[in-house]
Amino acid sequence: MCGIVAYIGNKKSSHILINGLQRLEYRGYDSAGLAFISEDSKLQVFKNQGKVKDLDRLIDHKKINSHIGIAHTRWATHGVPNNTNAHPHYDNSKNIALVHNGIIENYTVLRTKLIEKGYTFESQTDTEVLAVLIGAIYEQTKDLESAVRNALIQVEGTFGIAVVSSYEPDKIITARRGSPMVLGIGENEFILASDASAIIQHTRQVIYLDDNEMAIITKNHYFTKTIYNVDTNSEIQEILYNLDQIEKGGFDYFMLKEIHEQPISFENTFRGRLLVDEGNVKLGGLRNIEDKLRNAEKIIITACGTSWNAALVAEYLIENLARIPVEVEYASEFRYRNPVINQNDIVFAISQSGETADTLAAIKEAKQKGALCCGIVNAVGSSIARETEAGIYIHAGPEIGVASTKAFTSQLCAFTLLSLYLGRMRNLSSTEGMNIAKAITQIPSQIEEILQNSEQIKKIAVKYSKSKNYIYLGRGYNYPVALEGALKLKEISYIHAEGYPSAEMKHGPIALIDENMPVVFIATRDEIYDKVKSNIQEVLARKGKIIAIANYGDTELAELTDDIIYIPKTLPMLTPVLSVIPLQLLAYYTALELGRDVDRPRNLAKSVTVE
Ligand code: M6R
């Protein structure tokens with residue numbers, strides 16, 4: 001949530017910062033701002049409500065001669081999106097400016113104390129409290145580093161910050177707790193950002209700051225320490241993806257590009273891991289905990305949003321193939337309900353970004369209770385990847401579109417691999433393993449086949465785009481896909497949509513059905529196909545409009561439904577990977593038809609780093 005970028009070096013900073021903000025805009029886009037230290041050591045702040053392009057228009061780049069600056073794109077938590085609440089925020093002397101991601105939980109207490117001492121505030125944000133506190137401490141210490149450190153010690157909550165000041169004009173100070181900060185190390189320059197996508201065009205060498213770590217950066221030098229003033233020795237790592245992976249590459253939107261990347265991203269998840277001839281799987285990231293996995297008595301999977309939907313599929317997969325009981329928990333609920341975790345239970349946290357605050361908090365809670373925590377994560381080096389003891393990277397490549405697509409199918413791939421691996425440790429035969437492995441290898445070309453049908457899906461999307469509500473129904477492995485289809489539509493088109501297990505419809509939602517209600521059925525051929533067909537009849541009897549996702553050759557269903565989208569046949573356990581593709585496209589084309597900003601849907605941000 002929110003994006004931070006900062007630059008110090010020999011180049012003019014204004015274009016670098018705007019460019020960095022544009023790359024981070026998927027993290028928040030309700031307002032944006034910059035603070036520069038000019039060549040005569042003055043601090044200047046520009047900020048306004050709106051998108052980064054609006055901020056860019058506000059700045060006369062020719063007039064700004066600065067080689068140090070910090071910048072921010074905001075997703076509002078405290079205070080409405082407006083010019084005053086936009087970052088950066090000043091201290092009272094207006095000599096210190098700060099940008100911040102996260103939430104200062106004790107900001108009212110700190111604010112009251114500061115007001116009692118005579119300090120004033122312009123905004124409604126929690127962030128300004130931290131800026132004013134740093135300024136107040138600086139008045140005593142006359143040292144920026146110790147002022148930042150002492151202020152952070154008083155803060156409860158989460159932060160990723162960058163600070164500049166005309167008092168010490170050749171320095172940027174950054175720190176993090178619960179909100180990512182990455183320091184890019186270039187030649188005589190440093191680029192700091194809340195994620196590596198704003199850094200990669202300058203350098204691939206980065207340091208991922210740890211919680212409660214800060215970095216003090218000048219043009220030619222940096223050092224790190226904890227906010228408790230203990231030196232640290234952070235390892236320099238390399239960014240593993242390329243610039244073209246974070247560009248649109250000819251597509252109108254990142255979401256469409258990412259939908260079309262799925263044949264490759266899915267393959268990247270199983271590449272080098274699937275042992276087709278042995279009907280087994282090699283998972284290097286779990287090698288160290290093999291014995292614990294063999295003895296696991298229960299698996300708890302925790303996640304949010306789309307990753308949670310993937311977890312539901314995983315529950316079916318793991319219980320089916322490995323016969324280990326699985327519980328799926330919303331990460332946001334997990335730590336508030338005192339979950340029962342036994343010694344031989346294993347917790348898996350799933351996250352595309354690896355930075356979701358609720359999921360991180362759930363991991364911490366599980367660890368506190370003594371559980372072994374594993375991650376299934378896309379972003380390499382992210383907080384969840386580092387917080388967990390073992391795991392599987394899904395290798396889907398950077399996902400920029402706010403609506404998650406390729407991460408979902410890669411998460412499903414990773415879970416199929418995990419289930420196969422756990423199953424083969426137990427009772428699953430090599431013949432069954434081989435069948436599943438072969439079916440996995442066919443998925444990329446099957447996704448390709450569905451994508452070629454985009455024009456038909458577009459026409460269906462346009463036909464129903466004026467609908468006010470949608471219902472999505474599926475059973476078994478396809479029930480979580482119904483949830484995911486509904487989530488995609490809600491997120492980017494703002495049409496109200498509900499996902500249900502098909503058979504649950506008659507217990508309530510059926511009351512909503514009339515001739516204006518499109519009902520999307522995932523009705524692929526499996527052992528519950530006939531039951532789903534009966535549910536379709538129930539909707540028909542109430543004049544609902546039926547859009548079916550069915551297997552090629554299902555002419556019987558074609559006669560019953562208003563619109564039918566065919567997908568290739570695979571094993572039931574792999575069907576979600578195929579059945580979700582038309583639903584992603586349906587949501588995309590509906591949003592497009594309604595003129596929505598597909599990659600930047602209102603009120604959302606790509607990675608939700610506040611609880
Ligand atoms: O990065 P994560 O997978 O942890 O994110 C979890 C959710 O915030 C995320 O899936 C969200 O629901 C997406 N916008 C869904 O498209």
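Normalised by 2.2 N^0.38 Å, where N is the number of residues, the C-alpha radius of gyration of region 530-611 stands at 1.41. Summing Lys and Arg as +1 and Asp and Glu as -1 over all other residues whose Cβ lies under 11 Å from the Cβ of F251 gives a net charge of -3. Computed over region 453-599, relative contact order equals 31 percent, with contacts defined as Cα pairs under 8 Å that lie 6+ residues apart.
DSSP beta bridges confined to the chain are antiparallel in about 60 percent of cases. Measuring between alpha carbons in the structure, the pairs from K171/K219; K438/K569; K53/K406 lying more than 18 angstrom apart are K53/K406. Using only DSSP helix segments of four residues or longer, with each worth -39500 (n - 2.57), what per-residue ellipticity at 222 nm results for the chain after dividing by its residue count and rounding to 500? Computed ellipticity for the chain at 222 nm equals -11000 deg cm²/dmol. Against the chain, whose longest principal axis is taken from its Cα atoms, helix 144-153 shows a tilt of about 50°.
Averaged over residues, the count of other Cβ atoms within 10 Å places the peptides 54-66, 146-158 in the sequence 146-158, 54-66, highest first.
Backbone amide hydrogens, once placed in the peptide plane, bring T609 within less than 5 Å of A357, excluding anything fewer than 5 places away on its chain. Over all Cα atoms in region 247-449, the spread is summed up by Rg and Dmax: 16.3, 51 Å. FRET efficiency for the Q537 to Y494 pair, using the beta carbon distance and R₀ = 22 Å, is estimated at 0.10. Note on the chain: Cα-Cα pairs beyond 32 Å make up 50% of the total pair count.
Each residue of region 493-508 was assigned a 3J(HN,Hα) from its phi angle through the Karplus expression (A = 6.51, B = -1.76, C = 1.60, θ = phi - 60°), giving 10, 6, 8, 5, 9, 10, x, 9, x, 3, 6, 6, 3, 6, 8, x Hz with x at Gly and Pro. Peptides 498-504, 195-201 ranked from most to least packed by the mean count of surrounding Cβ atoms within 10 Å: 195-201, 498-504. Derived scalar couplings between HN and Hα for region 29-42 equal 8, 9, 6, 8, x, 9, 10, 10, 9, 7, 4, 8, 6, 8 Hz in order, rounded to whole Hz, by the Karplus curve 6.51 cos²θ - 1.76 cosθ + 1.60 (θ = phi - 60°), x for Gly and Pro. For region 247-449, the fraction of 1.4 Å probe accessible surface lying on carbon and sulfur atoms is 43 percent. A simple spin-label model places pseudo-atoms 7 Å from Cα toward Cβ; at Q154 and N288 they are separated by 3.9 nm. Measuring nothing but how far apart in sequence close Cα pairs (under 8 Å, 6+ apart) lie, relative to its length, the chain scores a relative contact order of 12 percent. Fully extending the segment from Y228 to T431, taken as 0.36 nm per residue of separation minus the present Cα-Cα distance, adds 67.4 nm. Residue-wise HN-Hα couplings along region 14-28, as the Karplus relation 6.51 cos²θ - 1.76 cosθ + 1.60 with θ = phi - 60° gives them from phi, are 5, 5, 4, 5, 5, 4, x, 4, 4, 5, 9, 4, 5, 8, x Hz; Gly and Pro carry x.
In this structure the amide hydrogen of K545, modeled in the peptide plane, comes within under 5 Å of the amide hydrogens of M517, V519, none closer than 5 places in sequence on its chain. Dividing the C-alpha radius of gyration of region 3-239 by 2.2 N^0.38 Å, with N its residue count, gives 0.91. Centre-to-centre separation between the Cα atoms of region 208-240 and those of region 26-45: 23 Å.
In region 159-271, the alpha-carbon atoms span a convex hull of 145 Å³ per residue. D252 contributes an accessible area of around 110 Å² to the protein surface, as traced by a 1.4 Å probe with all chains present.
Size estimate for region 453-599 follows the Kirkwood approach: the inverse of mean 1/r over distinct Cα pairs works out to 14.8 Å.
To the nearest Å, what is the center-to-center distance of region 460-503 and region 118-164, using C-alpha atoms only? Here the two parts' Cα centres lie 45 Å apart. Spatially, region 396-416 and region 264-336 are offset by 14 Å when compared through their Cα centroids.
Magnitude of the charge dipole for the chain, about its Cα centre and with charges confined to Cβ atoms of Lys, Arg (+1) and Asp, Glu (-1), is about 480 debye. Between Q124 and R57, residue separation times 0.36 nm minus the direct Cα-Cα distance comes to 21.6 nm. M505 sits with roughly 0 Å² accessible to a 1.4 Å probe, with DNA, RNA and ligands left out of the calculation. Nearest 10 degrees, 0 to 90: what angle lies between the long axis of helix 305-322 and the longest principal axis of the chain (Cα atoms)? On a 0 to 90 degree scale, this one is about 50. Which FRET efficiency value, to the nearest 0.05, is calculated for E116 and K142 with the Förster distance at 30 angstrom and r the Cβ-Cβ distance? The calculated FRET efficiency here is 0.85. Relative to the Cα centre, the charge distribution of region 3-239, modelled as +1 at Lys and Arg Cβ and -1 at Asp and Glu Cβ, gives a dipole magnitude of about 580 debye.
Packing here is the average count of other Cβ atoms within 10 Å per residue, and on that basis the peptides 571-582, 344-355, highest first, run 344-355, 571-582. When all protein chains stay in place and ligands, DNA and RNA are ignored, the 1.4 Å accessible-area order of E448, E189, largest first, is E448, E189. In this structure the chain gives 38 Å² per residue of accessible area when probed at 1.4 Å with all protein chains present.
Measuring r between the beta carbons of H221 and N342 and using R0 = 60 Å, the FRET efficiency lands at 0.75. Solvent-accessible surface (1.4 Å probe) assigned to D244 amounts to roughly 100 Å². The amide H of Q237, built 1.01 Å from its N in the peptide plane, has V206, I207, Y208 as neighbours under 5 Å, considering only residues 5 or more places off or on other chains.
The values are calculated or read from the model by the stated rules, or taken from the named source; none is laboratory data. Because the structure is a prediction, the values reported are computed rather than measured. FYI the Cβ positions are ideal-geometry reconstructions off the backbone, even for glycines, and counts take in every protein chain you see. Ligands, DNA and RNA are stripped out before the accessible areas are found, and what is left, the full protein with its side chains, is counted by its heavy atoms. Shrake-Rupley method; radii C 1.70, N 1.55, O 1.52, S 1.80 Å.
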